[in-house]
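Please read the structure below before turning to the comments.
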Amino acid sequence: MSSRALRRLKGKQRGQEALDLGDLGEELGQAAEDEEPLEDVGPPSKNSVNRKAKKNKTQKNLSNIYELICDAEKSSLEDDAEKAEDTDETHDDKDTEHIDDQPQDQNSANSLSGARVKKKKKKKNKKGATAGTQEDVADDDIDALLKTIEDTNGQTLQSEHSGGSDGRSPIYVEHRNLNPETELKRYFGARAVLGDQRPRQRQRQYHRTTWMTVPKEPWPRFSRPGISMSLVQSKEGLHYFTFEHSRDYQQVQFKFMDAVDSMNNNNILTLLLTNPYHIDSLLQLSDVCRIHEDPEMARELIERALYSFECSFHPLFSLTSGTCRLDFLRPENRAFYLALYKHMMFLENRGCPRTALEYCKLILSLDPESDPFCMLLLIDFLALRSREYHSIIRLYQDWEEHRNLSQLPNFAFSVALCHFHLSQEDETKQEEREKHRQSADRLLQHALIMFPGLLTPLLDLCTVQPDAAVAAHAFFGPKSQIGQSPALAELTSLYVGRTHLLWREGGVLLWLEECVKEVLLRVDAKDPLVEDGLNKRKQRYQSAPRAIHRHVLLSEIKEATSFLPLDVTTQPGMGFDPLPPLDSVTSYTRPERPQVGATDTSTLSLFFRSLLPSFNLQGGPRPEEEQEVAQAGRELYPEVNRLMVAMRDVLANIQFQEPPRDDHPDRDEEEWN
């Protein structure tokens with residue numbers, strides 16, 4: 001039986017029995033005995049009296065032996081220092097008051113202080129030795145841990161200022177750049193960004209530490225919503241993960257689908273009150289808040305969805321390794337893609353393009369082969385806005401060989417614009433500036449030759465009137481826009497609608513004008529690149545993939561949405577899953593709901609069926625009723641057409657009679673007068 005149980009049996013409460021201090025009590029007793037001779041040396045000072053009172057008070061209030069040990073160690077060190085000061089004071093007193101007794105008292109004080117210094121040195125040596133061994137072991141453990149991380153992720157840890165960024169992937173993601181406060185601190189300073197948050201962080205509720213979002217105090221307490229992540233397979237150094245829904249979460253998902261079918265947002269809000277971290281409900285209500293001009297609430301809902309996702313990450317899943325993949329064909333993973341994209345767009349609108357660029361690279365790294373959200377159509381714009389010119393140039397150089405990025409209008413023009421901005425920087429050397437300017441001229445001329453239909457819409461949005469020679473030339477005229485395919489028109493209008501503000505600067509427009517004139521000279525000289533560009537435009541850009549249509553829908557750029565095909569615009573879209581892939585992989589299916597009432601609830605069909613004597617609103621139509629409705633519809637359509645023709649004739653023959661003109665307008669006034 002333990003000592004605690006024995007004390008309880010005896011009826012003693014904790015802290016009331018005498019403490020068995022052991023060796024510690026002996027040391028304290030020796031220290032008390034050593035202090036007695038010091039009292040006879042001279043009159044006690046005020047500091048020594050206060051110190052003894054504090055010491056007695058702490059000994060009376062202590063009830064935990066471990067607290068006593070800690071306090072004894074601290075007090076012994078403090079007492080040694082204070083006693084050393086007291087001995088110096090006593091030496092001064094002895095010099096003035098007790099000159100005759102100085103040798104004896106000084107020898108006794110020196111002997112006591114020497115013994116304590118020896119004990120103190122021994123304790124320090126022991127503590128230093130143990131601390132040294134612990135630090136060595138800790139260093140070995142850290143080195144081993146870092147080695148295992150490097151082996152598993154295949155990435156070397158490099159500092160930002162080491163200049164070794166060439167060894168990283170062009171879509172390398174850094175944790176610190178995922179936080180918008182890092183960028184805001186760079187713009188406004190840490191005091192302006194964190195001034196109001198520092199005192200609140202001490203009193204806020206406990207939340208799990210995450211990289212993508214920072215939990216807020218008004219958020220409901222997080223509990224496992226039923227989402228988890230599992231490792232599907234690992235091959236060729238890549239790890240394939242997927243999100244999974246529990247059975248309870250599947251039931252909530254079915255209720256959400258019923259709420260969407262009801263076309264009532266209040267039903268979704270009611271579901272979110274009981275399940276505050278349901279992903280699709282958060283995504284759908286975020287769109288509703290954005291439409292109703294409440295961007296703050298819309299952004300907060302997206303952040304809550306990302307927080308729920310990040311709390312369910314697999315231990316091996318990493319945002320920065322570049323080796324983790326998510327299959328876009330699964331609906332559970334598509335919600336994570338959409339949440340990242342919406343969060344990225346909110347950051348860009350908030351004025352944090354550098355953080356938005358980091359999220360763009362993160363989305364691209366999750367599936368760089370298929371690129372389901374076409375981040376390659378957006379990454380150049382974010383790089384230009386954040387002035388990360390070298391990163392987009394490096395991406396173009398590394399991926400041009402196997403991705404053929406020069407055939408995308410956005411890369412063809414944006415890379416040239418990056419070289420031009422680098423040529424205008426005063427910090428670079430003169431030789432490098434000249435090289436960048438030459439590259440900028442060459443790339444922009446090639447882009448204008450390859451995509452001549454982009455120039456006129458770009459100048460229109462920049463409110464710039466083109467030169468007479470340019471407007472009259474057939475190469476940049478209306479024929480260049482009419483002759484391009486719908487897929488190419490969709491890409492060019494997307495780029496123009498998104499980046500036209502970046503081309504409005506005075507220096508950029510002058511450079512563009514010079515390159516346009518040079519291109520006209522090359523066209524008149526029948527440069528072979530002109531014919532090559534025409535052949536490429538005819539052979540390629542026949543039809544845009546579904547991923548580009550999805551990107552255009554999410555971008556909401558009206559210049560580009562007008563070029564979407566009918567099979568995309570007529571398809572009903574869901575805000576929580578826009579334009580899903582045709583070969584989607586479903587892990588669970590929604591159970592069929594029992595149909596109550598009429599199967600066809602259109603107004604016209606209900607009107608025709610109500611004319612029948614056997615009409616029943618609660619029951620479904622019988623086959624003979626459907627035939628009668630169809631026959632009635634066929635007979636009614638000609639009558640409706642005749643009625644419409646007669647109404648058109650009546651409206652066309654209506655003549656309004658002008659009011660009679662009065663030759664004497666002042667006659668009434670004269671009569672009244």
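What follows is calculated from the coordinates using simple rules that are stated; it is not laboratory data. Predicted model only: the values in this text are computed from it and were never measured. Ideal geometry is used to build each Cβ from the backbone, glycine not excepted, and the neighbour counts take in all protein chains shown.
A simple spin-label model places the labels of residue 502 and residue 536 1.9 nm from each other, with each point 7 Å out along Cα-to-Cβ. Between the beta carbons of residue 288 and residue 442, assuming R0 = 60 Å, the FRET efficiency works out to 0.80 to the nearest 0.05.
Taking amide H as placed 1.01 Å from N in the peptide plane, the amide H of residue 232 sits under 5 Å from that of 240, 241, 242, each at least 5 places away or on another chain. Modelled this way, with points 7 Å down the Cα-to-C-beta line, the labels at residue 424 and residue 230 are 5.4 nm from one another. Computed from backbone phi, the HN-Hα couplings of the range 313-320 come to 5, 6, x, 8, 6, 10, 7, 10 Hz, rounded to whole numbers (Karplus: 6.51 cos²θ - 1.76 cosθ + 1.60, θ = phi - 60°; Gly and Pro given as x). Panel order for 381, 188, by other beta carbons found within 10 Å of each beta carbon, from fewest to most: 188, 381. Applying 0.36 nm per residue to the separation of residue 191 and residue 586 and subtracting their alpha-carbon distance, the gain on full extension is 137.3 nm. Taking a ≥ b ≥ c as the square roots of the Cα gyration tensor eigenvalues, the range 484-550 comes out oblate, since a/c reaches at least 1.5 and a/b does not exceed b/c. Site pair residue 556 and residue 217 shows an inter-label distance of 3.1 nm when each label is modelled 7 Å from Cα along Cα→Cβ.
For trypsin sites (Lys or Arg not before Pro), the sites in the range 405-494 that DSSP calls loop and that have at most 10 other Cβ atoms within 10 Å are 429.
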